[in-house]
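Peer 1: What follows is a structure written as structure tokens; I'll ask about it next.
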Amino acid sequence: MAFTVGHYLAERLTQIGLKHHFAVAGDYNLILLDQLIEHGGMKQIYDCNELNCSFAAEGYARENGAAAAVVTFSVGAISAMNGLGGAYAENLPVILISGAPNSNDHGSGHVLHHTIGTTDYNYQMEMVKHVTCAAESITSADTAPAKIDHVIRTALREKKPAYLEIACNVASQPCVRPGPVSSLLSHLKADEVSLKAALEESLAFLEKAQNVVILVGSKLRSCEALTETVALADKLGCAVTVMAAAKSFFSEAHPGFRGVYWGEVSSPGVEDVIKSADAVITLAPVWNDYSTVGWRDSVRGEHVLEVDPGRVTVSGKTFEGFRLKEFVAALTERVSSKPASLVKPYTPVALPVADAAKPLTNDEMTRQINALVDGNTTLYAETGDSWFNATRMHLPEGAKVESEMQWGHIGWSVPSIFGNALAAPERQHVLMVGDGSFQLTAQEVAQMVRYELPVIIFLINNFGYVIEIKIHDGPYNYIQNWDYAALMQVFNQGVPGVESGKYGLGLHATTGEELADAIEKAKKNTRGPTLIECKLDQTDCTETLVQWGKFVAAANSRKPA
Ligand SMILES: C/C(NCc1cnc(C)nc1N)=C(/S)[C@H](O)COP(=O)(O)OP(=O)(O)O
Ligand SMILES: [Mg+2]
């Protein structure tokens, strides 16, 4: 078997740790899909559409560190670009690979199908450059290795999505074989002078402080510094708080954990922990309109040691030329203990057990889901009140929470948890998704049925876009109601004569008792997803959402300057 361009790509993707890639077929990518299968290093997983394909890859990258999605030209890739926007916003190295027109067609004046009908097919490359850190077009085998290596190395180094388009007549062309993958995985060497200067300035800043607190931000995972952060917390012996989008990036079982900081809508007592500190170490935060509660609050200023990806700012000076993980490790070496901020004990707020026979409430649903979460659970929180429900949960050691608070594309969670479950089949996957979000990508549950993934889906049916209702109400926030649980009968149709792909389970829960019973059934359904449709009153949402929604609405309605 000749080694081809498609094999080279497959070899590199396998070398960086991919065991799967996601795809939607189209005539521009069929030969490439054959090459990827022929190579044998990864399982090819199919999605219902290219938006879901790109989000499934995003979810895979959350667990696996990187991912790849293969789509057809233009009609496929432009849909997938939405998922790339999400991967860019959430700092995830997803490689989008698009089949592309025959290399002989460029400059030929040919009008091709699936294009916008012009004779210049470059518009896709121009578009995708805005949501990637590297983008290359492969129209010949001899240039393929350098372009493939550049795109993969850049994506891994910058933790951002990247893009390749491969002409449909090139994927099966003979190609040289790749060398060691180490050249794609290496990082730039730190500037020791700058690192040392940043360290000295930071130590002097912390030496003067009494009440030191760490605030963990949402970019910390993509900086690969979660372990280093625990070591710093242990050495300082201080309080550690997390931002909502960084929920689970620091263990809530750690003695220093003190809750979620979110300005005025923080967990009880946490705002005071931050406000009473005379030194806050912020680790890779994102201060956007949502995390600042409508620009009302951020933790910045002279009392803050700002540690960002590749930059430290403290005492009026700024330093760069090293990775966050290198700085945190070096700081841990030299910093002295600062336990003053730990004086107050931390007791998470426990939700009361409701009367099981009464209509189901948001609090009771959240309480029961929290009880289901164990150290082996990955809990997905879709945009909506699910964010606030996840934020108020208390997590056991090892539990993970996935959210998308920067991009905030409703429906993201269904395909993303599908990809995440494929990356970590040994973990329990639990999804909290609202009725409005679910309607955008519901069909990807069929793939969970097909691949027999026992994802437990809490479909929160509060009859509309409640988060939007709280921000600004109008007729546009009300949607057609579905029988969501009944969808499983539709998806269980399976292929006649084929045993697999028929074990989805759909259940309704209108009381605490019904929900408890449904959860027990879901835990026993190991050969397919279980969707539990939780019916809630439309007015039943978290108080935090109501407060936060008001402030965000006020920010949105600022008069033009
Ligand atoms: C419509 C929209 N956001 C606007 C929006 C519209 N389109 C896309 C792709 N992404 C978005 N965030 C949002 S948050 C809805 O309240 C979600 O409704 P649902 O899933 O039902 O959750 P809640 O009821 O808890 O709000
Ligand atoms: Mg809703």
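Peer 1: Within the stretch 319-376, which residues are open to solvent by 60 Å² or more (accessible area, probe 1.4 Å), over 23 Å from residue 395 (Cβ atoms) and modelled with pLDDT of 95 or more?
Peer 2: 320, 323, 333, 334, 337, 339, 355, 357, 358, 359
Peer 1: Of 2, 89, 25, 10, which residue is open to solvent by less than 10 Å² (accessible area, probe 1.4 Å) and of a type in the set (A, V, I, L, M, F, W, C)?
Peer 2: Numbers: 2 fails: open to solvent by less than 10 Å² (accessible area, probe 1.4 Å); 89 fails: open to solvent by less than 10 Å² (accessible area, probe 1.4 Å); 25 fails: open to solvent by less than 10 Å² (accessible area, probe 1.4 Å).
Exactly one of 2, 89, 25, 10 is open to solvent by less than 10 Å² (accessible area, probe 1.4 Å) and of a type in the set (A, V, I, L, M, F, W, C), namely 10.
Peer 1: Please go through the stretch 420-478 and pick out each residue that is hydrophobic (A, V, I, L, M, F, W, C), more than 13 Å from ligand 1 (Cβ to nearest atom), open to solvent by 10 Å² or more (accessible area, probe 1.4 Å) and in a helix (DSSP H, G or I). Steps first, please.
Peer 2: Narrowing the stretch 420-478 to residues hydrophobic (A, V, I, L, M, F, W, C): 421-424, 430-433, 438, 440, 442, 445-446, 448-449, 453, 455-460, 463, 466-467, 469, 471.
Filter once more, so that each one left must be more than 13 Å from ligand 1 (Cβ to nearest atom): 421-424, 430, 445-446, 448-449, 453, 455-456.
Remaining after also requiring open to solvent by 10 Å² or more (accessible area, probe 1.4 Å): 422-423, 446, 453.
Correct list: 422, 423, 446.
Peer 1: Of everything in the stretch 1-55 that's among the β-branched types (Val, Ile, Thr), touching a residue at least 40 places away in the same chain (Cβ under 8 Å) and assigned to a helix (DSSP H, G or I), which residue is nearest to residue 170 (Cα to Cα)? Please lay out each step first, then the result.
Peer 2: So the first thing to find is which residues in the stretch 1-55 are among the β-branched types (Val, Ile, Thr), and the list is 4-5, 14, 16, 24, 31, 37, 45.
Those left that are additionally touching a residue at least 40 places away in the same chain (Cβ under 8 Å): 4-5, 16, 24, 31, 45.
Next cut, assigned to a helix (DSSP H, G or I) only: 5, 31.
Details: 5: 7, 31: 9 Å.
Applying the filter and picking the extreme gives 5.
Peer 1: List the residue pairs whose Cβ atoms are under 6 Å apart, where the first residue sits in the stretch 427-444 and is hydroxyl-bearing (Ser, Thr, Tyr), the second is assigned to a helix (DSSP H, G or I) and more than 13 Å from ligand 2 (Cβ to nearest atom), and the two are 6 or more positions apart or on different chains.
Peer 2: Short answer, once both residue conditions are applied: 441/52; 441/414; 441/415.
Peer 1: State all residues of the stretch 395-413 that are open to solvent by 50 Å² or more (accessible area, probe 1.4 Å) and either in contact with a Pro (Cβ under 6 Å, 6 or more places away or on another chain) or of a type in the set (Asp, Glu) (or both); if no residue qualifies, say none.
Peer 2: 397
Peer 1: Counting only residues that are polar (S, T, N, Q) and open to solvent by 80 Å² or more (accessible area, probe 1.4 Å), which one in the stretch 479-506 is nearest to residue 387 (Cα to Cα)?
Peer 2: Filtering the stretch 479-506 down to residues polar (S, T, N, Q) leaves 480-481, 489, 492-493, 500.
Checking the rest, the ones that are also open to solvent by 80 Å² or more (accessible area, probe 1.4 Å) come to 480, 489, 493.
Numbers: 480: 23, 489: 29, 493: 33 Å.
The residue in question is 480.
Peer 1: If you check every pair at least six apart or on different chains, which have Cβ atoms under 6 Å apart with a residue in the stretch 461-484 that is under 14 Å from residue 437 (Cβ atoms) first and a residue that is more than 8 Å from ligand 1 (Cβ to nearest atom) second?
Peer 2: Filtered contacts from the stretch 461-484: 461/533; 461/535; 462/536; 462/538; 463/538; 464/478; 484/459; 484/533.
Peer 1: Now a separate question. Quick one: which of 481, 492 is polar (S, T, N, Q) and under 20 Å from residue 538 (Cβ atoms)? Show your work before the answer.
Peer 2: Details: 492 fails: under 20 Å from residue 538 (Cβ atoms).
Matching residue, one of 481, 492: 481.
Peer 1: A further question on this structure: Residue by residue through the stretch 508-521, note down the ones that are in contact with a helix residue (DSSP H, G or I) (Cβ under 8 Å, 6 or more places away or on another chain), within 23 Å of residue 439 (Cα to Cα) and open to solvent by 30 Å² or more (accessible area, probe 1.4 Å). Steps first, answer last, please.
Peer 2: Taking the stretch 508-521 and keeping what is in contact with a helix residue (DSSP H, G or I) (Cβ under 8 Å, 6 or more places away or on another chain), we get 508-509, 512, 515-516, 519.
Still in the list and also within 23 Å of residue 439 (Cα to Cα): 508-509, 515, 519.
Matches in the stretch 508-521: 508 only.
The values are calculated or read from the model by the stated rules, or taken from the named source; none is laboratory data. Predicted, not measured: the structure shown is a model, and the values here were computed from it. Note that we place each Cβ from the backbone using ideal geometry, even for glycine, and neighbour counts take in every protein chain shown. Protein only, heavy atoms only, side chains kept; ligands, DNA and RNA dropped before computing areas. Shrake-Rupley method; radii C 1.70, N 1.55, O 1.52, S 1.80 Å.
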